[in-house]
Amino acid sequence: MAADFAERFDREVAQGFIRANERLTGLPKYLGLRIVDVGPGTLRAEMEVREELLTPFKTMHGGVISAVCDHVLGCVCYPLMARGQWAATTEFKLNLLAPVTKGVLVANATILAMTRALAVVRIEVSNEDRLVALAQGTVTIRDPK
């Protein structure tokens, strides 16, 4: 899959996502979500599982995993998009497969298909070396107004 996107891949944009970890704002900052690797059509993000992100049953809230998926769903597209375009999640489906209680949450996003106007992305979320969630979604890509 990565070979399909290699000639469109903007390494400078990809590295910008990793450098931007120090300047995060909003929900990604609160979650402590860090983009650690970006390749042609792929992205890996990680975050520590913290007490305040757990339910009263001591498992990570599904909304946290959903927010992680939503964030990486769009971010993975930018190194392949034309400068000035922006991406917005149109929809995604999330399957929660196993509880998360400790350690590091890892989200690996892979672009399955991409045109100038949309992308379909799959996200595999793991924790403690096991798959805990799967998501697939569509991103709408827009030119600047």
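The values are calculated or read from the model by the stated rules, or taken from the named source; none is laboratory data. Keep in mind it's a predicted model, so treat the numbers as computed, not measured. Positions of Cβ are generated from backbone atoms using ideal geometry, with glycine treated the same way; all protein chains shown enter the neighbour counts. Each accessible area value is taken on the protein alone, full model and side chains, heavy atoms only, with ligands, DNA and RNA left out. Shrake-Rupley method; radii C 1.70, N 1.55, O 1.52, S 1.80 Å.
Table for the structure above
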{"item": "Positive-end residue, the chain charge dipole about Cα centroid, Cβ charges, pick of T115, T101, N21", "result": "T115"}
{"item": "Debye intensity ratio in log₁₀ form over the Cα atoms of the chain, taken at each q of 0.09, 0.10 Å⁻¹", "result": "-0.26, -0.32"}
{"item": "Within the accessible area of the range 99-145 (1.4 Å probe), percent carbon and sulfur", "result": "52 percent"}
{"item": "Local electrostatic count at K93 - Lys and Arg +1, Asp and Glu -1, tallied over other residues with Cβ under 14 Å", "result": "-2"}
{"item": "Share of carbon and sulfur in the accessible heavy-atom surface of the range 1-60 [1.4 Å probe, %]", "result": "53 percent"}
{"item": "The chain, helix-only ellipticity at 222 nm - DSSP H runs n ≥ 4, -39,500 (n - 2.57), divided by all residues, nearest 500", "result": "-6000 deg cm²/dmol"}
{"item": "Proportion of all alpha-carbon pairs of the range 74-114 beyond 10 Å (%)", "result": "81 percent"}
{"item": "Overall form of the range 26-94 per C-alpha gyration tensor (a/c, 1.5; a/b vs b/c)", "result": "prolate"}
{"item": "Under 11 Å, Cβ to Cβ, from S126 - net charge with Lys/Arg +1 and Asp/Glu -1", "result": "-2"}
{"item": "Cα long-axis angle, helix 62-75 against the chain (0 to 90 degrees, to the nearest 10)", "result": "20 degrees"}
{"item": "Semi-axis lengths (Å, descending) of the ellipsoid that matches the C-alpha gyration tensor of the range 1-57", "result": "28, 14, 7"}
{"item": "HN-Hα J in Hz across the range 86-96 - Karplus 6.51, -1.76, 1.60, θ = phi - 60°, x for Gly and Pro", "result": "9, 10, 9, 4, 8, 6, 7, 10, 10, 10, 8"}
{"item": "1.4 Å probe accessible area per residue over the range 1-82, in Å²", "result": "53 Å²"}
